[in-house]
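To keep things clear, I will list the structure first and then write my remarks on it.
Every number in this text was worked out from the coordinates using simple rules, so none of it is lab data. Worth saying up front: this structure is predicted, and the values here are computed from it rather than measured. Glycine also receives a Cβ, built like all others from the backbone with ideal geometry; neighbour counts cover every protein chain displayed.
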């Protein structure tokens with residue numbers, strides 16, 4: 001069992017959630033703020049089995065794209081989505 | 001790859017985020033509420049490689065360590081009476097840090 005913590009820019013998040021819902025993938029949505037862009041983004045908590053991770057990554061990558069922003073002199077690429085896959089010790093559904 | 005989850009006080013969060021972005025660390029800020037004090041606080045997610053854990057924790061410490069400040073407690077005795085500011089030592093700041101192991105990090 002894994003937990004995917006996906007940090008997604010706000011402009012893509014509605015499409016991402018709709019596609020996840022269409023594919024019966026449950027997600028919890030937390031509103032958050034980015035460090036660099038200081039703009040709002042959204043953190044999604046998605047609990048899944050190991051084998052589903054790649055399909056979820058594909059679903060999300062179809063809906064988001066990264067963009068370049070100017071930070072002082074050099075350019076910083078800010079990903080449309082940033083995913084951390086974390087191992088889960090136990091998962092209990094009550 | 002590790003994910004640092006830092007729960008800090010609201011008043012320290014702004015300076016900490018500024019510090020982290022100056023050092024090119026990506027951070028995500030979640031607003032959260034403390035269980036014990038029921039006071040609002042801030043949860044930060046910072047994804048870093050193993051060797052960057054120490055510098056990030058040092059940054060957190062310099063910005064958020066528990067410290068004593070003196071505030072004044074305005075004593076109101078009688079209407080029309082003057083407010084007598086009463087100096088008070090108060091503990092503020094502090095941070096709780098969880099470091100999680102990240103199996104895969106995907107940036108799209």
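Some notes on this structure:
- Shielding of peptide A:7-13 by partners, expressed as the average count of other chain Cβ atoms within 10 Å per residue Cβ, is 1.
- Degrees, to the nearest 10: B:53-64 long Cα axis against longest axis of chain B: 10 degrees
- Relative to one another, the C-alpha centroids of the stretch A:1-62 and the stretch B:78-108 are positioned 29 Å apart.
- The mean number of partner chain beta-carbon atoms within 10 angstrom of a residue's beta-carbon across peptide A:61-68 is 1.
- Between residue A:31 and residue A:11, the FRET efficiency estimated from the beta carbon spacing at R0 = 22 angstrom works out to 0.95.
- Two-site FRET efficiency, residue A:49 against residue B:11, from Cβ-Cβ distance with R₀ of 45 Å, rounded to 0.05: 0.60
- Placing a pseudo-label 7 Å from each Cα along the Cα-to-Cβ vector at residue A:38 and residue A:21 gives an inter-label distance of 3.3 nm.
- Descending by average beta-carbon neighbour count within 10 Å, the peptides A:47-54, A:21-28 line up as A:47-54, A:21-28, the highest first.
- Descending by average beta-carbon neighbour count within 10 Å, the peptides B:22-28, A:7-13, B:90-96 line up as A:7-13, B:22-28, B:90-96, the highest first.
- To the nearest ten degrees, helix A:10-22 and the longest principal axis of the Cα atoms of chain A are 20 degrees apart.
- Summary value for the stretch A:1-49: 54 percent relative contact order, contacts being C-alpha pairs under 8 angstrom separated by 6+ residues.
- Between residue A:67 and residue B:61, the simple spin-label model (points 7 angstrom out along Cα→Cβ) gives 3.9 nm.
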